[in-house]
Amino acid sequence: MSNDEQLRVAARPHGIVAQGCQNCAHLPTCGGIEPLGSLFDCFEHYCCGGKADCDDVCPYNADFIRRMTEIGGLRFGQVSSLEQGHVELPRYVPLIHHGYSHRKPLDLPVVALETYQVLRLKDKKYEAIAGDGAQLRQEFGLSPSTQIILRGTAKDRPLEQYWSYRRRDRVPEQIGALGVLLAIAPNFSHFLDVPRTDNLFNRKRQLICIAEMQKAGVIAVPHLSAVTPGDWRFWQRYLQRNETVVFVAAEFQTGNKNPAQGRKVIESISVLQDAVGRRLHPIIIGGTQFATEVAGRFDMFTLIDSCPFIKAVKRRKFDKGANGQPWAETYTLNGQGIEDIVLRNLDGHTAWIEEQCSQVSSRKEVVPML
């Protein structure tokens, strides 16, 4: 095990809140950290003492007051409530990255688009690439009847760009004009090895973005960003207060890609569902490898990934019998689009997911939740 991996393992929750957290003013909001050898609080563990090149949100950082002013502090009692209307989602939704590789519109019931490919910074203005839903579908080569989910998860740079320009350029209102089915909120980073005030700051930013989307008429989906038991307890309280919320999102493309860590997160969402006392509909981003685990715990769920589309771009077609590998090389003629490959890949990938889920469904007895 590498030194970095050893540090990550030591930082993960071990069941005992650090002794140093007991007198911290942030404990009621944060819930504390539970590292291996639970003596010191997060500031003693992870704070650099306010070095000039540090960008963590921390009381020792000279920029801390400005950042607290930006979000209205780290209190969560006044966070706007969230309502979600009824939406029908399939078990699998493909992510489409662009519209320039296919020549004919993709006639699909529901697709996901990356929020930060729909929104672009151009000439110092942060704007949607389309003014309405019809134009957006044309830009991505989609059928006029295709419904759209915006996937708000991404790396830090596009997330920070969204945060910086969203109010000045009325970005939530632009999203509202697109008539999307759902918009998954930005998943601002939650790290284990930073002062907890950094994670609380990013949690508050996501909730602010959710409130702004809702005000613009968009059905927003919270991303369950959590690295400690205290984070999961926050989401339990949040969902208990917001009784119409059933759609929640979690991404499995970074740390949760690890099989053991991914299963822990799925189990945590299942425990959250039990604690809230109603069925949740998790939207699992980039986690189709966990289809069996998800199907074993949830009656309703949706998996999102870009596998069928990316494989088609790379001229790979789904072929379950191709030498034991599901993807075989293929080709397109000069000027020919990839739409036929996309559709073939989508059929095969969806069938594989359904096969994984059916193995669980055939064994388990569904008990109605009260």
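The values are calculated or read from the model by the stated rules, or taken from the named source; none is laboratory data. Keep in mind it's a predicted model, so treat the numbers as computed, not measured. Here the Cβ is made from the backbone with ideal geometry for all residues, glycine too, and neighbour counts use every protein chain on show.
Structure notes:
- The lone criterion from (1) surrounded by fewer than 18 Cβ atoms within 10 Å (Cβ to Cβ); (2) part of a helix (DSSP H, G or I); (3) within 19 Å of the chain's Cα centre (by Cα) left unmet by VAL294 is number (1).
- Within the range 213-226, the set of residues being crowded, with 21+ Cβ neighbours inside 10 Å and in contact (Cβ under 8 Å) with a residue 40 or more places away in the chain comprises MET213, VAL218, ALA220, VAL221, PRO222, HIS223, LEU224.
- When we screen LEU207, LEU192, LEU200 for residues that are assigned to a loop (DSSP other than H, G, I, E, B), out of contact with any strand residue (DSSP E or B) (no Cβ under 7 Å at 6 or more places or on another chain) and touching a residue at least 40 places away in the same chain (Cβ under 8 Å), the only hit is LEU192.
- Any hit, the range 150-171, residues being at pLDDT 95 or above, in a strand (DSSP E or B) and hydrophobic (A, V, I, L, M, F, W, C): yes
Here is a yes/no grid of residues against (1) surrounded by fewer than 17 Cβ atoms within 10 Å (Cβ to Cβ); (2) more than 23 Å from the chain's Cα centre (by Cα); (3) without any contact (Cβ under 8 Å) to a residue 60 or more places away in the chain:
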| residue | (1), (2), (3) |
| --- | --- |
| ASP41 | no, yes, yes |
| CYS58 | no, yes, no |
| ASP63 | yes, yes, yes |
| LEU95 | no, no, no |
| GLN117 | no, no, yes |
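So that you can scan it fast, the table gives a plain yes or no per residue for (1) in contact (Cβ under 8 Å) with a residue 12 or more places away in the chain; (2) farther than 16 Å from THR197 by Cβ; (3) of a type in the set (A, V, I, L, M, F, W, C):
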| site | (1), (2), (3) |
| --- | --- |
| CYS24 | yes, no, yes |
| PRO28 | no, no, no |
| GLU34 | yes, yes, no |
| SER38 | yes, yes, no |
| TYR46 | yes, no, no |
| LYS104 | yes, yes, no |
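- Test: ASN258 is assigned by TED's automatic domain parsing to the domain that holds LEU192 and at pLDDT 95 or above: no
- Residues in the range 241-265 that are assigned to a helix (DSSP H, G or I) and of a type in the set (Gly, Ala, Ser): GLY255, ALA260, GLY262.
- The residue that is farthest from LYS155 (Cα to Cα), among those in the range 248-263 that are surrounded by 21 or more Cβ atoms within 10 Å (Cβ to Cβ) and of a type in the set (A, V, I, L, M, F, W, C), is VAL248.
- Residue within the range 300-317 that is part of a strand (DSSP E or B) and among the hydrophobic types (A, V, I, L, M, F, W, C) present: yes
- A Cβ distance below 7 Å, combined with a sequence gap of six or more or placement on separate chains, defines the contacts here; from the range 136-151, residues that are among the acidic types (Asp, Glu) reach residues that are part of a loop (DSSP other than H, G, I, E, B) and surrounded by fewer than 23 Cβ atoms within 10 Å (Cβ to Cβ) in the pairs GLU139/GLY99; GLU139/ILE129; GLU139/ALA130.
Listed here are the residues, each with its yes/no results for (1) surrounded by 11 or more Cβ atoms within 10 Å (Cβ to Cβ); (2) at pLDDT below 95; (3) not in a helix (DSSP H, G or I).
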| residue | (1), (2), (3) |
| --- | --- |
| VAL9 | yes, yes, no |
| GLY49 | no, yes, yes |
| THR69 | no, no, no |
| GLN78 | no, yes, yes |
| GLN84 | yes, no, yes |
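- Residue check for THR332: of a type in the set (Ser, Thr, Tyr), surrounded by fewer than 17 Cβ atoms within 10 Å (Cβ to Cβ) and in contact (Cβ under 8 Å) with a residue 60 or more places away in the chain: no
- Scope the range 285-296; condition more than 16 Å from ALA249 (Cβ to Cβ) and free of Cβ contacts under 8 Å to residues at least 60 places away in the same chain; matching residues: GLN289, GLU293
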